[in-house]
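Each reported figure results from applying straightforward, stated rules to the coordinates on display, with no laboratory input. Given the structure is predicted, the values throughout are model-derived calculations rather than measurements. Note that we place each Cβ from the backbone using ideal geometry, even for glycine, and neighbour counts take in every protein chain shown.
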Amino acid sequence: LPDVVYLEHIKSANFLEDRDETEEYRLALDRLADDALEPRDSLRLLQQTMEQRYGG
């Protein structure tokens with residue numbers, strides 16, 4: 001199946017099906033996944049942030 005990008009807006013939505021457009025989104029998601037923390041590290045960061053902002 002070809003890739004489809006769904007863009008949701010406040011009053012409308014769009015589907016992108018053009019291969020060049022969907023490829024840009026796929027590459028962006030790949031970069032986000034590469035830069036993302038591991039689940040354990042994400043949880044630790046959230047806990048530290050909550051403690052700093054709201055106290056332990």
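If you plug each phi of segment 9-26 into the Karplus form 6.51 cos²θ - 1.76 cosθ + 1.60 with θ = phi - 60°, what whole-Hz ³J(HN,Hα) values come out, in order, with x for Gly and Pro?
Listing the rounded values in order: 10, 4, 10, 7, 8, 9, 10, 9, 10, 5, 4, 5, 5, 5, 5, 4, 5, 4 Hz.
Throw me the Rg/Rh for segment 5-54, computed over C-alpha atoms with Kirkwood Rh, two decimals. Please report the intermediate quantities before stating the final value.
On the way: Rg = 16.6 Å, Rh = 13.7 Å.
My calculation puts Rg/Rh at 1.21.
Picking from Met50, Leu27, Val5, whose Cα lies most toward the positive end of the charge dipole for the chain (charges on Cβ: Lys, Arg +1; Asp, Glu -1)?
It is Met50.
How large is the dipole of segment 5-54 about the Cα centre if only Lys and Arg carry +1 and Asp and Glu carry -1, each at its Cβ, rounded to the nearest 20 debye? List each step's numbers first, then the result.
Values: 7 positive and 13 negative charges, 87 e Å.
In total the dipole reaches around 420 debye.
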